[in-house]
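The values are calculated or read from the model by the stated rules, or taken from the named source; none is laboratory data. Just so it is clear, the structure is predicted and the values come from calculations on it, not from any experiment. Glycine gets a Cβ as well: all are built from the backbone with ideal geometry, and neighbour counts include every protein chain shown.
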Amino acid sequence: MNNKKNIIRLKNITFSYPGSDICTLDTLDLEINKGDRLGMMAPNGSGKTTLLHTIMGLCKPDSGVIEIFGKRLKQEKDFTPIRSKIGLLFQDSDDQLFCPTVLEDVAFGPLNLGFSQQDAIDIAKTTLEKLGIQGVEKNVTHRMSGGQKRLIALAAVLAMEPEVLLLDEPTAGLDNRVREKLINILNGLDITYLVISHDFDFIKAVTDKIYSMESGKILTDEKIHIHRHEHIHKHGKRPHVHK
Amino acid sequence: MIEEKFASGQSFIHKLDPKTRIVAVIILSFAAALCDIFFVAVLYFIISTVLIVMARLNRKDVIERIKPVFWFLLMIWILIPITFDGQILYQFSWLKISGTGVILCCKITIKSITILLLFTSLVATMSIASLGNGLHKLYVPDKLIFLLLMSYRYIAVIEDEYKKLLRAAKFRGFRPKTNLHSYKTFAYLAGMLFVRASFRAQRVHQAMLCRGFNQKFHSLDIYQANRFNFIFLIGISAAGLSLVILEKIWI
Ligand SMILES: Nc1ncnc2c1ncn2[C@@H]1O[C@H](COP(=O)(O)OP(=O)(O)OP(=O)(O)O)[C@@H](O)[C@H]1O
Ligand SMILES: [Mg+2]
C-alpha cells in the first residue's frame, strides 16, 4: 500500500436504522489517512451523518469492520478511548452543548481528560480566543445565537485537541466573516479531517479531495468529478456530477 | 427563564464550599419548618436575613425572587382564617374569623419566607454545576444529579421546541378553539414534543460520550478548603440546636 499512516478504515459496513429496511450504509468502504483533508458533498438523507456516527461508535453497524488507529473496534468500550482522539462536530449544536455556561461546556472535555480545573479553564479560554469568541465565557449557552453556538461547539471539540476532526456541516448558519475565519482556522490546523458541507466554495477552500455518497456507498474522486464551471451552464453555480 | 442571578459574588458565603452550604441549609430549613412557636420562628427569620445580608445580594432582586410565594400566602390568608375552627376573633354575621387560624397563617408566612431566604442566601449563591458537585460529594446518587443538571439545561430547549411546533401549526392556519380538531392538534403537538425530547436526550448522551464523559462530574468553580467552612457549619448547627432546645424548654 502507500506510506501514509492509516487512521480510520471502514470495510464492508452495512447499517440500517432499527425498524427500517433500507440500508443507510451499504457495504461501505472508507479510508482516512494521516494528513488527509477530505470533503464530503452528498444529497440530504444520503447517510453522511450516519457515517460519522458509525465512526464514533454511536451507530453500531450490522456487519463490517471498523479499524481506528490500527485497532479493530467492536464493542462500546473499544470506542471509549478513541472518542477523545476524534472530534465530532454535531450537525445540531443544541445537541452538543449541554452545560449551563459556555466556559463549562468548552472545559467539559478537558476535565474529562483529567486536566485540573485551572488548566481546563485556561484551555477553554485560549480555544475560545482562537475562534474569536472571547468574552462570552460566562454567558448562558442556550441564549447564544445559532452561529455562536456553532463556534462554541467547535471550540468544545477543539479543546480536546483531537487527532482527527469530523465536521458535520460546520458552516450552516454562519455569516461570511465567520465562515472565512473558519476556513483560515482549518487551513492553519495541522490535523486530519473530514468535512461534510453543502457549501461548495467552503469545501473547495479547505479540502484536497471531495467525496460523495450514493445509495449507502462512498463515491471517491475518481468516480465523480465535482467542479465549478466558468462557462454558462444550466446547473448554474451549483456543483453537480458529470456522469 | 432560569437565571443564576446570585451565583456570582465575592461574599463570604459565595466562598464557602457547596457541601457546607447544602448541609447548613438542610439543618436550618428543617429546624425552621418544624418549629412550633411563633417567637422561635421569628428568630429563624432573623438568621435567614442575616445570611442574606452576609451574601451581599441586591435587595431588589431578592424581593423579586420571593414574590411568587406571596400569592401562595395570600391564598392562605384568605382561606385559613375563615375555615379554621377554634377561638373566634371577629364575627361578621355568618363569617367567623378564627384567631387560631390567624396565628397559623402568621407562622406559615414567616416560615415560608424564612426557608426561601435560606435557600436564596445559601443555595442560589452557587452555580448549578457547583450544586451538582456539592450534592455528589454528599453521596446523592449521580442519576438524580444528572436529572437536575440536564433539566436545567434542556427545559429551555424543550420550551423552544414547543414554541416552534406551535408556530408551525399557526402558520398553517391553526387557531385553537374548543373543538375536536384543536384538541387533536394539541395532542399531536404534545406527542411530537415527547418524541423530540427523547430523541434529543439520546443525541445529547451521544455528544457527552464523544467528549469523554465517564459518569463523573466536574465543576469549574474552585473552592479553597479552609477552616471557615468548618466554623460556619458549627455555628449554624449550634444556632439550630440551641433554638430547638429553647423551644423544648419553653413548652
Ligand atoms: N434516528 C433515525 N431513525 C431512523 N432513521 C433515521 C434516523 N436518522 C436518520 N435516519 C434515516 O437515515 C437516512 C440518512 O440520514 P442521515 O442523517 O445520515 O443523512 P444526511 O446525509 O446526514 O442528511 P443531511 O444532509 O440532511 O444532514 C435518512 O434517510 C434518514 O431518514
Ligand atoms: Mg446530516
Requested in this report: Could you give me the residue pairs with C-beta distances under 6 Å whose first residue belongs to segment B:158-179 and is outside the structural domain of B:ALA190 (by TED's automatic domain parsing), whose second residue is part of a helix (DSSP H, G or I) and of a type in the set (Ser, Thr, Tyr) wherever it lies, and which are 6+ apart or on separate chains?
Outcome: none
Report task. Mind listing whichever residues of segment B:7-53 are charged (D, E, K, R) and over 16 Å from the mean Cα position of the chain (by Cα)? Result -> B:LYS15, B:ASP17, B:LYS19, B:ASP36
Requested in this report: Working only within segment A:53-96, note down all residues that are in contact (Cβ under 8 Å) with a residue 40 or more places away in the chain, facing another protein chain (nearest Cβ under 8 Å) and farther than 21 Å from A:LYS5 by Cα.
Outcome: A:PHE90, A:ASP94, A:GLN96
**Report entry** Pick from segment A:118-166, criterion β-branched (Val, Ile, Thr) and within 30 Å of A:ASP36 (Cα to Cα), ranking: farthest from the other protein chains (Cβ to nearest Cβ)
**Finding:** A:ILE133
Query raised in the report: Can you tell me which residues in segment A:97-117 are aromatic (Phe, Trp, Tyr) and at the interface with another protein chain (Cβ under 7 Å from one of its Cβ atoms)?
Result: A:PHE98, A:PHE108
Report summary line: Selection over segment A:24-52 where residues are within 10 Å of ligand 1 (Cβ to nearest atom) and either on the phi > 0 side of the Ramachandran plot or more than 14 Å from chain B (Cβ to nearest Cβ) (or both) yields a count of 12
Query - B:GLU159 being surrounded by 18 or more Cβ atoms within 10 Å (Cβ to Cβ) and part of a helix (DSSP H, G or I) - result: no
Report summary line: Every listed condition ((1) within 16 Å of ligand 2 (Cβ to nearest atom); (2) closer than 30 Å to A:VAL140 by Cβ) holds for A:ILE86 save (1)
**Report entry** When residues of segment B:210-222 are limited to those that are surrounded by fewer than 18 Cβ atoms within 10 Å (Cβ to Cβ) and closer than 20 Å to A:MET56 by Cβ, the one nearest to the other protein chains (Cβ to nearest Cβ)
**Finding:** B:ASN214
Query raised in the report: Restricting to segment A:14-64, what's the tally of residues that are assigned to a loop (DSSP other than H, G, I, E, B) and within 11 Å of A:MET213 (Cα to Cα)?
Result: 8
Query raised in the report: Has segment B:173-184 got at least one residue that is under 34 Å from the mean Cα position of the chain (by Cα) and either assigned to a helix (DSSP H, G or I) or of a type in the set (D, E, K, R) (or both)?
Result: yes
Query raised in the report: Somewhere in segment A:67-77, is a residue more than 8 Å from ligand 1 (Cβ to nearest atom), assigned to a strand (DSSP E or B) and closer than 17 Å to A:TYR193 by Cβ?
Result: yes
Report task. Could you grab me the full set of residues in segment A:153-192 that are within 16 Å of ligand 1 (Cβ to nearest atom) and under 14 Å from the mean Cα position of the chain (by Cα)? Result -> A:ALA153, A:LEU166, A:LEU167, A:ASP168, A:GLU169, A:PRO170, A:THR171, A:ALA172
Query raised in the report: Between residues in segment A:186-203 that are more than 21 Å from A:ILE8 (Cβ to Cβ) and residues that are assigned to a loop (DSSP other than H, G, I, E, B) and of a type in the set (Ser, Thr, Tyr), which pairs lie under 8 Å by C-beta distance while being six or more apart or on different chains?
Result: A:ASP199/A:THR171; A:PHE202/A:THR171
